[in-house]
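Each remark here refers to the structure printed beneath this line.
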Amino acid sequence: MQQEIRPLLAVDIIEQLHRQFALLSGGRGKDGSPIITFPEFSSFNEVSDEDFVNVVTYLSSIPSMDAASIGFIIILDRRKDKWNSAITSLTRIAGSFPGNLQLVLVLKPSRLLQRAIADFSMRLHRDDFKLKVPVVMLNSLSDLHGYIDKGQLTCDLGGTLDYCHSQWIHHRTAIENFALTVKSTAQMLQQFGTDLAETELPNDVQCTKDLLITHTEKHDKLKDELKLAIKQGNTLLSCIKDQASKTESHILNPDEVENQTTVERLLAQLDETENAFEQFWSRHHLKLEQCLQLRHFEQDFREVKVSLDGLTETLLGLSDTGDCVARVEHLLGDMKTLEDKESLEKAQLHAQHGDQLIQSNHYAVDSIRPKCVELRRICDDFSNEANKKRDILTKSLEIHKRIDEVNQWCESGVYLLASQAVDRCQTQEGAEAALQDIEGYMNTAKEQQLSHLKDLSNQHEIVLSELVKVQMKLDDVQKMFEKRHASLKKLSAKQTRPVQPVAPRPESSPKRPSPKIPQPTAPSEFKRNHVYFVFVFAFLNSHIMNELIETERLYVEELQSIIEGYAAALDDPELFYLIPPSLENKKEVLFGNLPEIYEFHQKIFLKELENTAEKPELVGTCFLKRKEKLQIYEKYCQNKPRSEALWRQCGDSMFFQECQKRLDHKLSLDAYLLKPVQRITKYQLMLKEMLKCSKNSEGTAELEEALATMLDIIKSVNDSMHQIAITGFEGNLNDLGKLLMQGSFNVWTDHKKGHSKVKDLARFKPMQRHLFLYHKMLLFCKKREETSDGHEKSPSYSFKHSLKMSSVGITENVKGDIKKFEIWYNGREEVYIVQAPSMEVKNTWVSEIRKVLTSQLEACRGISGQTSPSRGLTLRQSDSSSPETGYRRSDTGPNMRHKRGESPYKSSIKPTVSPTKQSEVFALQSLQWSTSTPDLRAFV
């Protein structure tokens, strides 16, 4: 790594600057060129070359670029020195001065002998000097003033420029020290900002609090250092300005002005840095606070949900009917207690709190909103279930009260029958009196509507075992009353002969127990219920089967009307003049393979369904038998976008209006062209309904397999419609194997190669990518919504990148988000962090990718076993922190190496699980070789 070259600073050569053999007084030439003065210095020849070069280099770096570009003026004062010393100085300057020289002014020695030598030497050896600029030999200061204004010269050169060398050194070191402070402060702020940006948000309340406190403390510390730096800069600026205000006539020289400008610029830079840092901190602090709010919300949500689940479980555990009035009233009291619990109110308040977070533009809206919806759903479900159960219990209470009334009536009636003495009924008057008692009591049954008890139960849809018993009891007692009524009526008739008194009948004895009411035994009741439910399920299955066959017949008739009324009409000479030009020779585009679908259903599928009308358990076999033929819908659905585009061009033509009129269709052709898409999605719904009514019965396994087959066909059709929308892929998609999965994700990249800034941006800003998983390759595409003629948007997928599955690895769990997983390539040379929309989608994708890698591994084993026994395979599981250990093939190639200490003839599976994580990583390197939800609803 190349180290940063630090510029030369005053503190580095502080001792050499104090020797004052060269100085930058701040004076300027007439054209603004900086002046560097070499004053009288008796030990000039003793100055080392390194010190001389460092001082001259440092002095020449101080003026601005504009001033330095004009060129420097060198004043070499050698009035008290010998000419040889002046020549030596000129030679040093010529060989070591790093800047652009404009003019060299030499004050010659003042003694006569040395001046004569100088004149003679200059005339004789002028060309020996290597300086490419004019060298002017001056005899006196007055000559110097002819070249340089006195105001730009120090007092030792006869000028008026105020210059203090020690103060100059002090200002230079202070300015450079302040510049370093500004730089280090900016670096610290930048590093702190990077650390903040790279910090993953915690998943619990306490860690989030700790992180918020830690970051706030670091921010406050950096803020104090920033204020200290600003204070230092303001103090330095005041010192520079105070120097100018010492005397009214004092004017800052250009170097002093430049020093002041430099300090002001550094202060402005600090101010900008502070503003940018505070803005960034405000956003980060807000996100941390929102994260803490989210963690509190999630924690409270879990607590409330557990409480609600407990309430719901308790509610579901309550009986719906009860066995008596007291029990039902007790159940109603328990329900009232459950509804008065604070959990429901707390859940509603928590959902309102979630709404407030959403309205405050919280960053985790997608996480908060589903929880609010779930809380309200649970509350609504609880309320609905409670209302339903209360209604049932209320009706049950009413029935139990009526049962009590019936029992009381029956008991009183039996007592009445038993209390009537038979000897008193032998006379006409006694029989009439008893008859009146019987009729009066029977009328009370009508007044109390006891016979309506069964109707009340049917109305409330409640079946009670007690109801069966009491109904039988009521029937028996009423029959007893009817028999007694008939007997008494005969006795009350006019008697022709006396009746011999007889002993009371046993049934009239008050001590005699009432007749036993026959009660059904438990086995017989269970048998009746079993037969009843079998009958109900068989009826439902038959009903669904009839609906399937009837809708299939209607579907075939509709397909026939489309083909005969529209497709065939395109060949009708009488309608040629009505056909729009855009429809000519476009029959296959408009109708696709609809004739093939019609022929299959009309000649094969409908007949097979009709044959199973009396045996619904065989319908699953019917679908399984024709699963290959049902793939014809894939071709039809792939053509559907082209058909719709053509319909939008010519759908309002007179040709279609005439065809619709002849067919007497209420809907236009586009509605009927949608029928095949609707039909293929309808089958799985009917199979689901039949499966519900066929549990553990004949044909259940075939129904389940048929349902899975139809769902797979729908998925295949749906995936193929997405695949045909891929653009920009140069290869042949058919060469990639079967399309296994497709879906939209958020994707981050974290590659080893690439500019750091790009990596940072890629890490925190996700890309919206639509992924297509094939057996041999994984495609990354960008979804684009394209509007055509003002109609609905049709998606297309612009190809961006591809990964060969032979070099792909996965890390199932990524810290910070349970919906994320990693897809990495070539030993993590490329890493893609993928965020699924839900855990179900993530698990399905990870499982499918793992199946691909495992199948490739097994294929590799088969190949290696057939070709060379020296090739082995190792399957490892590793922690996500070391993803390089994945599936590796042991070989002699650069990407296939044996594990140390392991026999190359041995194929083994060795798990290596991290003690801290259970994340699994799967990869298959150097070797080339469940399911997304169908969205055909877009056509329904």
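The values are calculated or read from the model by the stated rules, or taken from the named source; none is laboratory data. The model shown is predicted, which means the values in this text are computed figures rather than measured ones. Here the Cβ positions follow ideal geometry from the backbone for every residue, glycine too, while neighbour counts run over all protein chains shown.
Annotations for the structure displayed:
- Of all residues in region 654-682 being over 30 Å from Leu575 (Cα atoms) and touching a Leu at 6+ places or on another chain (Cβ under 8 Å), the one that is surrounded by the fewest Cβ atoms within 10 Å (Cβ to Cβ): Thr681
- Condition check for Gln560: farther than 26 Å from Gly651 by Cα and assigned by TED's automatic domain parsing to the domain that holds Lys629: no
- Flag for Leu474 being under 22 Å from Leu397 (Cβ atoms), crowded, with 17+ Cβ neighbours inside 10 Å and modelled with pLDDT of 75 or more: yes
- Being in a helix (DSSP H, G or I) and over 27 Å from Phe799 (Cβ atoms) is a condition met by no residue of region 718-733.
- One residue alone among Asp66, Asp51 is of a type in the set (Asp, Glu), within 25 Å of Pro254 (Cβ to Cβ) and part of a helix (DSSP H, G or I), and that residue is Asp66.
- Test for Arg390: is it at pLDDT 80 or above, loosely packed, with under 13 Cβ neighbours inside 10 Å and outside any loop (DSSP other than H, G, I, E, B): no
- Screening Val406, Val414 for residues that are at pLDDT 80 or above and either over 24 Å from Lys346 (Cβ atoms) or among the polar types (S, T, N, Q) (or both) leaves exactly one candidate, Val406.
- Checking the stated criteria, Thr885 turns out not to satisfy the condition of being surrounded by fewer than 20 Cβ atoms within 10 Å (Cβ to Cβ), modelled with pLDDT under 60 and in a strand (DSSP E or B).
- If you check Ala364, Ala347, Ala351 for being closer than 19 Å to Leu288 by Cβ, in contact with a helix residue (DSSP H, G or I) (Cβ under 7 Å, 6 or more places away or on another chain) and of a type in the set (Gly, Ala, Ser), only one passes: Ala364.
- Which numbered condition Arg302 fails, given (1) surrounded by 18 or more Cβ atoms within 10 Å (Cβ to Cβ); (2) at pLDDT 85 or above: (1)
- Criterion violated by Leu308 - all others in (1) at pLDDT below 85; (2) closer than 30 Å to Ser360 by Cα; (3) surrounded by fewer than 18 Cβ atoms within 10 Å (Cβ to Cβ) satisfied: (3)
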